[in-house]
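What follows is a set of notes on a single structure, which appears directly below.
The values are calculated or read from the model by the stated rules, or taken from the named source; none is laboratory data. Bear in mind that the values here come from a model prediction, so they are computed numbers and not experimental data. FYI the Cβ positions are ideal-geometry reconstructions off the backbone, even for glycines, and counts take in every protein chain you see. Accessible surface is based on the protein model in full, side chains and every heavy atom, while ligands, DNA and RNA are left aside. Shrake-Rupley method; radii C 1.70, N 1.55, O 1.52, S 1.80 Å.
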Amino acid sequence: MAKRLIIAEKPSVAADIARAVGGFTRQGEHFESKEYVLCSAVGHLLELRAPEEHDPRSGRWTFKHLPVIPPKFELGPIDDKAGSRLNLLLRLIKRKDVAGIVNACDAGREGELIFRYIVQYSKTPKPIERLWLQSMTPAAIRDGFSKLRPDKELLSLADAARSRSEADWLVGINGTRTMTAFNNRLSEGGFYKTTVGRVQTPTLAILVEREERIRAFQPRDYWEVHARFAAPAGEYTGRWFDPNFKKIGRAHV
C-alpha cells in the first residue's frame with residue numbers, strides 16, 4: 001500500500017502530529033502508520049555552501065577576489081548531527097512505498113525553507129502537499145490533514161524563502177570579506193575578521209547607538225516636592241506632580 005511521508009520541522013511537532021492523527025507506532029527515529037510515514041528535521045539541516053567549495057580562489061579574502069557570486073547555489077549539511085538526520089529523511093523519501101510527501105514544517109518562510117532545501121537536496125520528483133497549521137491543538141492538526149493544500153499554492157512562499165536565504169549569503173559573504181579586507185589593509189599585520197550581515201549589522205548598530213547615548217548622558221539636578229497631609233485615618237506623605245505634563249520626543253537614558 002502506497003504511503004505519504006510527513007516531514008515536520010522538529011521532533012516535538014512530529015510527536016504532536018502522531019498523537020493527534022493516531023494509528024502511529026514508533027520505528028526508531030520515525031513514526032509509521034498504515035497511511036503515513038512521519039519524521040522530522042531538527043531545524044535547519046542544510047545550508048548554502050561556502051565560496052571556496054565552488055572555487056578555491058574564493059577563499060582568499062582580498063579585494064581582487066570580490067565580489068563572490070557562485071555560478072549556482074549548492075547545498076551541504078550544516079554539521080554531522082544534521083547530516084545524520086538528513087540521511088534518515090533521504091532514505092525515507094526514496095522508499096518505494098512512499099508515493100508522496102506532506103510538508104508539515106512551520107507555517108512561514110523559515111519552515112518552508114527547511115522543507116524546500118531537504119526536497120531540493122533529495123532531487124525527488126514525488127508530489128508534495130502542504131499541511132498548513134496556525135495552531136497545534138489536536139483538533140487543528142486533524143482539521144489541517146483534512147484540508148491539505150496543493151504544492152502550487154505555496155510556491156511563491158518557497159521562492160521568497162529561497163531568495164532571502166540567497167540574498168543573506170551574498171550580503172554576508174561579500175560584506176564580511178570586503179570589510180575584513182579593508183581593515184586588514186589598514187593594519188600592520190594580522191587578520192581582523194569583520195563580520196557583516198543583514199540582521200547582525202543593524203542589530204549591532206542599535207547597540208552601538210544605545211551605548212553612545214549612555215556615554216553622552218549628562219546628569220542634571222532635579223527636585224521633588226513632598227509634603228505630609230492630614231486625613232481622618234491619619235497622616236500620609238504625598239509627592240507633587242504636574243497633571244498636565246506630557247513627555248516630548250524620545251526618552252533619554
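Using only Cα atoms, tell me the angle between helix 109-122 and the longest principal axis of the chain; keep it within 0 to 90° and round to the nearest 10.
30 degrees
Please give the helix 11-21 orientation as an angle from the longest Cα principal axis of the chain, in degrees from 0 to 90, rounded to the nearest 10.
Approximately 70 degrees, to the nearest 10.
Relative contact order of the chain: what whole-number percent is it, with Cα pairs under 8 angstrom and at least 6 residues apart?
Dividing the mean separation by the residue count of the chain yields 17 percent.
Ignoring ligands, DNA and RNA, what accessible area per residue does region 42-176 give at 1.4 Å, in Å²?
54 Å²
State which entries of Lys96/Lys152; Lys123/Lys147; Lys3/Lys126; Lys34/Lys96 exceed 19 angstrom in Cα-Cα distance in the structure shown.
Going by Cα-Cα distance, Lys96/Lys152; Lys123/Lys147 fall outside the 19 Å limit.
Report D for the chain in µm² per second (integer): Stokes-Einstein, Kirkwood Rh on Cα pairs, 37 °C, 0.692 mPa s.
142 µm²/s
Could you work out the Kirkwood radius for region 72-178, taking every pair of different alpha carbons, averaging 1/r and inverting it, reported in Å?
Its Kirkwood hydrodynamic radius stands at 15.5 Å.
Hey, any idea what % of the chain's accessible area is carbon plus sulfur with a 1.4 Å probe?
With neighbouring chains kept in place, the figure for the chain is 56 percent.
Quick check on the chain: helices-only [θ] at 222 nm, where DSSP H runs of length 4 and up contribute -39,500 (n - 2.57) each and the sum goes over total residues. Nearest 500, please.
Computed mean residue ellipticity for the chain: -12500 deg cm²/dmol.
Keeping all protein chains in place and using 1.4 angstrom, which order do Ser165, Ser135, Ser156, Ser40 fall into by accessible surface area, from largest down?
Ser156, Ser135, Ser165, Ser40
Longest exposed-loop-site-free stretch of the chain, with chymotrypsin sites (Phe, Trp or Tyr not before Pro), DSSP loop and at most 10 other Cβ within 10 Å?
Counting only loop sites that pass the neighbour cut-off, the longest clear stretch is 1-190.
For the chain, find the longest principal axis of its Cα atoms and tell me its angle to the long axis of helix 200-215, 0 to 90°, nearest 10.
Tilt of helix 200-215: around 10 degrees.
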